[in-house]
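The values are calculated or read from the model by the stated rules, or taken from the named source; none is laboratory data. Being a predicted model, the structure only gives us computed values, none of them experimental. So basically every Cβ, Gly included, is an ideal-geometry build from the backbone, and we count neighbours across all protein chains shown.
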Amino acid sequence: MNIRNIVPEQIERERLLPLREKIAGLSEMKSEEQFFLNGIVRAVKPKKSLELGVAAGGGSAIILNAIRDIDGATLHSVDYSERWYKDHRKRSGFVVGERFPDLYEKWNLYTGGVAARFCNDIGGGVDFCLIDTAHALPGEVLDFLMVCPLLREGAVVVLHDLCLHTWPRNRLRNEYASSLLFNALDDPKITIRAVDPPMLFPNIGAVRIEKHATEADYIDDLLRFLTFPWKYVPLPEEADEILRHFSKHYRSDQAEFLRRIFSFQRENDATRLKRRLNGIERFVRSTLVKPLRSLFERKSRDAG
Ligand SMILES: C[S@@+](CC[C@H](N)C(=O)[O-])C[C@H]1O[C@@H](n2cnc3c(N)ncnc32)[C@H](O)[C@@H]1O
């Protein structure tokens with residue numbers, strides 16, 4: 001399949017129509033992005049799909065609906081959070097169970113950890129992968145590196161939120177992890193043709209992984225991206241899981257490089273926390289302690 005010759009927004013649009021009402025407000029993709037995702041899956045006809053970042057399960061429902069008539073097809077979905085991040089009373093992925101019980105049998109959902117924890121259970125040979133996770137570093141860059149060993153040659157990877165960093169008034173300026181990743185992958189790629197406001201640029205894209213991804217030159221680029229400031233640092237036990245997984249699947253110098261990045265980012269994080277605490281202490285001293293002290297000093301002077 002030549003990915004550059006397909007127009008995913010147009011492929012079997014009508015297949016998505018009956019589903020759209022049921023996921024309204026529960027899918028984090030805009031209409032044209034949903035059509036893009038549906039079309040790509042219909043073009044690829046994957047036997048084995050993987051999704052990172054489930055939230056309510058709107059994206060899972062779209063993929064499951066697109067593979068419903070493919071014999072033996074399965075979707076494996078991973079979310080870091082056991083609970084839907086917008087309403088903790090609900091479980092991540094609840095939409096599928098509640099609204100599409102007929103799609104459930106092709107679905108395996110893994111929650112409560114990073115992808116590295118579930119890679120053995122998921123196994124290799126993935127034909128299609130959607131990544132839509134944290135958006136800020138390490139985010140999608142690290143997530144892609146984790147699941148890269150599971151992708152077969154020729155697999156298609158879809159990345160969402162490619163231009164969140166251009167959101168109005170700079171509110172999301174640090175949310176550029178998927179964009180960095182998408183730009184670094186030097187395989188054939190396409191982006192959506194339509195732009196849904198308030199987006200100014202195409203916000204979803206697909207790339208066809210040409211050769212076994214762990215051997216690609218861009219792996220070193222992705223590792224270098226991970227030296228930029230991180231918005232969050234995985235917990236020590238998660239870092240151990242990721243590093244163990246990495247040493248199994250990547251060259252030893254690359255695994256060592258990632259280990260150094262983790263200790264650098266942890267150190268940086270600790271320094272930032274210390275700086276923040278110092279800042280709070282300075283603020284408390286100048287706004288509370290100092291004025292109170294001078295008030296007491298004035299009072300005792302007056303009394304004397
Ligand atoms: C933007 S939402 C996903 C939206 C969903 N794809 C859709 O189309 O409706 C991001 C989700 O990714 C999850 N997440 C964040 N970091 C993650 C990670 N490293 N691995 C797996 N899930 C992650 C969050 O818990 C959240 O549920």
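Of all residues in the range 254-278, those satisfying the criterion of being within 26 Å of Phe118 (Cβ to Cβ) and acidic (Asp, Glu) are Glu256, Asp269.
Per-residue answers, yes or no, for (1) surrounded by fewer than 24 Cβ atoms within 10 Å (Cβ to Cβ); (2) within 14 Å of the ligand (Cβ to nearest atom); (3) modelled with pLDDT under 95:
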site	(1), (2), (3)
Leu159	no, yes, no
Asn170	yes, no, yes
Ser179	yes, no, no
Arg193	yes, no, yes
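Note on the range 180-196: residues that are outside any loop (DSSP other than H, G, I, E, B) and either farther than 20 Å from Lys30 by Cβ or under 17 Å from the mean Cα position of the chain (by Cα) (or both) total 5. Just one of (1) in contact with a Cys (Cβ under 6 Å, 6 or more places away or on another chain); (2) within 16 Å of the ligand (Cβ to nearest atom); (3) modelled with pLDDT under 95 fails for Phe201. It is (2). Would the range 27-45 turn up any residue that is touching a Gly at 6+ places or on another chain (Cβ under 7 Å) and over 21 Å from Val195 (Cβ atoms)? Checking the range 27-45: not a single residue is touching a Gly at 6+ places or on another chain (Cβ under 7 Å) and over 21 Å from Val195 (Cβ atoms). In the range 124-147, the condition of being aliphatic (A, V, I, L, M), surrounded by fewer than 22 Cβ atoms within 10 Å (Cβ to Cβ) and touching a Lys or Arg at 6+ places or on another chain (Cβ under 7 Å) is met by at least one residue.
Among the residues making up the range 128-179, those that are in contact (Cβ under 8 Å) with a residue 60 or more places away in the chain, part of a loop (DSSP other than H, G, I, E, B) and more than 22 Å from Ile190 (Cβ to Cβ) are Ala134, Ala136, Leu137, Pro138. If the condition is being away from the ligand (no atom under 16 Å from the Cβ) and either at pLDDT below 95 or charged (D, E, K, R) (or both), then the range 41-53 contributes Arg42, Lys45, Lys47, Lys48.
Listed by first and then second residue, the pairs linking a residue in the range 35-61 that is without any contact (Cβ under 8 Å) to a residue 24 or more places away in the chain to a residue that is more than 12 Å from the ligand (Cβ to nearest atom) and of a type in the set (Asp, Glu), with Cβ atoms under 7 Å apart and 6 or more places separating them unless they lie on different chains, form an empty list.
Here Arg244 qualifies as modelled with pLDDT of 95 or more and either in a loop (DSSP other than H, G, I, E, B) or among the charged types (D, E, K, R) (or both).
For the range 89-110, state whether one or more residues are among the β-branched types (Val, Ile, Thr), within 12 Å of the ligand (Cβ to nearest atom) and over 16 Å from Leu16 (Cβ atoms). Looking through the range 89-110, none of the residues is among the β-branched types (Val, Ile, Thr), within 12 Å of the ligand (Cβ to nearest atom) and over 16 Å from Leu16 (Cβ atoms). For the range 24-40, residues that are within 8 Å of the ligand (Cβ to nearest atom), over 17 Å from Gly205 (Cβ atoms) and aliphatic (A, V, I, L, M) total 1. Of the residues making up the range 79-101, one or more are closer than 18 Å to Val126 by Cα, buried (at least 22 other Cβ atoms within 10 Å of the Cβ) and not aromatic (Phe, Trp, Tyr). Considering the range 1-95, the qualifying helices (runs of 4 or more DSSP H), each wholly inside and each with 3 or more residues that are more than 22 Å from Ala115 (Cβ to Cβ), run over 13-20, 31-44.
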